[in-house]
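The values are calculated or read from the model by the stated rules, or taken from the named source; none is laboratory data. As the structure is a computational prediction, the values presented were derived from the model and not from experiment. All Cβ positions, glycine included, derive from the backbone under ideal geometry; neighbour counts span all protein chains shown.
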Amino acid sequence: MEEKVMVADALESVNSNLTKYGEIIPQTENMQLRQTLKQIRNQCEMSQEELYQLAKSKQYYTPAAKATDDEVKKVRMLFSPGQSL
C-alpha cells in the first residue's frame, strides 16, 4: 500500500472519530467520563493536525483556497448573536 493512501486513510479515520466525539460528549451526563472523552478528543485533534501537516508537506493534500475577507465577514454576521440562521 502506498504511503499516500495510508496517510489519507488515517486522516479519514481520525476525522470520523472527531465527529463522533463531537456527537457523544454533549450527550454524556457523567462529568468524569465527559472530561475523559474531551481529553481523548484533544489528543485525537493533535494527531489529526500532525497527519494534516505530513500530508501537506508531502503534497498528498492540497488545502482549499483561503476565504476572502468578504466571505469571513458574511460568516461572522451569520453566527453573531442576534442573527437567525
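The table below gives the values:
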quantity	calculated
Residues of the range 32-85 that turn out to be exposed (fewer than 11 other Cβ atoms within 10 Å of the Cβ), closer than 26 Å to residue 11 by Cα and of a type in the set (Ser, Thr, Tyr), as a count	2
Index of the failed condition, residue 29 passing every other in (1) out of contact with any helix residue (DSSP H, G or I) (no Cβ under 8 Å at 6 or more places or on another chain); (2) modelled with pLDDT of 95 or more; (3) not in a loop (DSSP other than H, G, I, E, B)	(3)
Number of the condition not met by residue 19 [criteria: (1) surrounded by 11 or more Cβ atoms within 10 Å (Cβ to Cβ); (2) at pLDDT 95 or above; (3) among the hydroxyl-bearing types (Ser, Thr, Tyr)]	(1)
Filter result (under 15 Å from the mean Cα position of the chain (by Cα) and in contact (Cβ under 8 Å) with a residue 40 or more places away in the chain) within the range 1-52	8, 10, 11, 51, 52
